[in-house]
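These notes are about the structure you will find just below.
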Amino acid sequence: MGRAKKVVLAYSGGVDTSVCIPYLKQEWGVEEVIALAADLGQGEELKPIQEKALKSGAVESLVVDAKESFVKDYGFPAIQANALYENRYPLSTSLARPLIAKLLVEAAEKYGADAVAHGCTGKGNDQVRFDVSIAALNPNLKVLAPAREWGMSREETIAYGEKFGIPAPVKKSSPYSIDRNLFGRSIEAGPLEDPETEPLEEIYAMTQAIADTPDEPEYVEIGFERGMPASLNGQVLPAVALVEQLNQVVGKHGFGRIDMVENRLVGIKSREIYETPALLALILAHRDLESLTLTADVSHYKRGVEETYGQLVYNGLWYSPLKAALDAFIQQTQERVSGTVRVKLFKGSATIVGRRSDYSLYSPDLATYGAEDQFDHKAAEGFIYVWGLPTRVWSQKTRG
Ligand code: ARG
């Protein structure tokens, strides 16, 4: 008896996931492997990947275009939450995992599989996100992670694959480990493992080097509806097109690079480079629109929720009761976060230079220093007396 009869495998076309196919069958007695590749806008041709899975021994090879759901159901809610892990990383890779897990579970249920599988090793965050998301969506499914157990080196993995007709990578494989989707690229390993070493320009693909960016600034107006990105420069766009176009223009000006040492859930510190042009610009713009449309108390309280939300997403708890509860709070806050934010892109920076909303709580009559001023200055005196009273009493008592 093998570990499972029929397995749906998350398939990327790379060596590891390809080797998973014969490995599951030969070593773990799996009878049928169904490969599933999700198109999240990684810009790769999926047709050859689909065929490669069949050549590697899969009985079925599925390709699911999940770009729209990725942007609308995972990316945009994270923008509404202004979600940044450790205050910097906008979770471009993390957000993809719960969606892939959902696709795996749906396929397993449709094809009557008793397990799902992925090619993650034991050192990263992604294994946690897959395993926990799958458990949340269908606790009866087994999760198999061959690469976590097989203990083969890179060379051994390639040699194992060759025995089963999986060709060794043709190009001298890059020293980097790269994950890519519509929201960004995550790059680690190789020379980046030394946190002191500046990344080479060659690792970037979505953002220009400052030296190559235009010498004139460019303005872009981002429109939001209830906290969801809805238009660019006045033109209402479908979600995927909006993100694609914004990636282009923001990337062209070199904004959206992050170089950080982050704390993985499994306890390891790792050096990671990100480029997430549109996503980062959208979070900045959205947060700015909130400053105009949310009351001070909601805005301040939400910052704590955002921090927790970012941790939950990073730590694989997308489908969890706490996440659902935070979602309800965030949705409630977004009701009037509609309007436009003007962003100036120039030489690696994205600066918010203007914002407008029909729901603006900014009151010129109260804010002005001019003659139109409606603020009751005298009221401030009594307010300050009461506000400062505890401090006054404390000072009197302690000074004696
Ligand atoms: N550290 C990021 C995360 O946990 C990205 C992980 C994938 N990175 C990679 N280069 N393969 O979400």
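The values are calculated or read from the model by the stated rules, or taken from the named source; none is laboratory data. Since the structure is predicted, the reported quantities are computational estimates derived from the model, not experimental observations. Note: accessible area is taken over every heavy atom of the protein model, side chains too, but ligands, DNA and RNA are not part of it. Shrake-Rupley method; radii C 1.70, N 1.55, O 1.52, S 1.80 Å.
Points to keep in mind about this one:
- Expressed as a whole percent, the proportion of Cα-Cα pairs in the stretch 18-106 lying more than 21 Å apart is 44%.
- Here the Karplus relation 6.51 cos²θ - 1.76 cosθ + 1.60, evaluated at θ = phi - 60°, turns the backbone of the stretch 270-287 into coupling constants of 9, 8, 9, 10, 10, 9, 9, x, 5, 4, 5, 5, 5, 5, 4, 5, 5, 4 Hz, with x for every Gly and Pro.
- Coupling constants for the stretch 33-46 follow from the phi torsions by the Karplus curve (6.51 cos²θ - 1.76 cosθ + 1.60, θ = phi - 60°), and in residue order they are 10, 9, 8, 10, 10, 9, 8, 10, x, 7, x, 9, 5, 8 Hz; glycine and proline get x.
- The phi torsions of the stretch 106-115, fed into the Karplus equation with coefficients 6.51, -1.76 and 1.60 and a -60° offset, translate into couplings of 4, 5, 4, 5, 5, 9, x, 7, 9, 8 Hz, rounded to whole numbers, with Gly and Pro shown as x.
- Euclidean distance between Cα centres, the stretch 176-201 to the stretch 1-68, Å: 25 Å
- Listed residues Y111, Y74 arranged by accessible area, highest first, probe 1.4 Å: Y111, Y74
- Heavy-atom surface analysis with a 1.4 Å probe gives the chain a carbon and sulfur content of 52 percent of its accessible area.
- Only alpha carbons enter this Debye calculation for the stretch 130-214, each as an equal point scatterer, and the log10 of I(q)/I(0) it gives at q = 0.17, 0.20, 0.25 Å⁻¹ is -1.04, -1.13, -1.21.
- Hits among aspartates and glutamates - C-alpha to C-alpha of K52 under 15 Å, sequence gap 8 or more where chains match: D16, E44, E60, E162
- Accessible surface, the chain, averaged per residue in Å² (probe 1.4 Å): 50 Å²
- The ellipsoid that matches the Cα gyration tensor of the stretch 240-368 has semi-axes, each √(5λ) in whole angstrom, of 27, 23, 13, with the longest given first.
- Within the full protein context, the accessible area of R355 is estimated at about 110 Å² for a probe radius of 1.4 Å.
- Fully extended contour minus Cα-Cα distance, from I384 to N263, at 0.36 nm per residue: 39.2 nm
- Here H118 sits with roughly 0 square angstrom of accessible surface, probe radius 1.4 Å.
- Those lysines that a straight Cα-Cα span of less than 19 Å connects to K344, excepting residues fewer than 8 apart in one chain: K252
- For the chain, pairs of C-alpha atoms spaced more than 30 angstrom apart make up 49 percent of the total.
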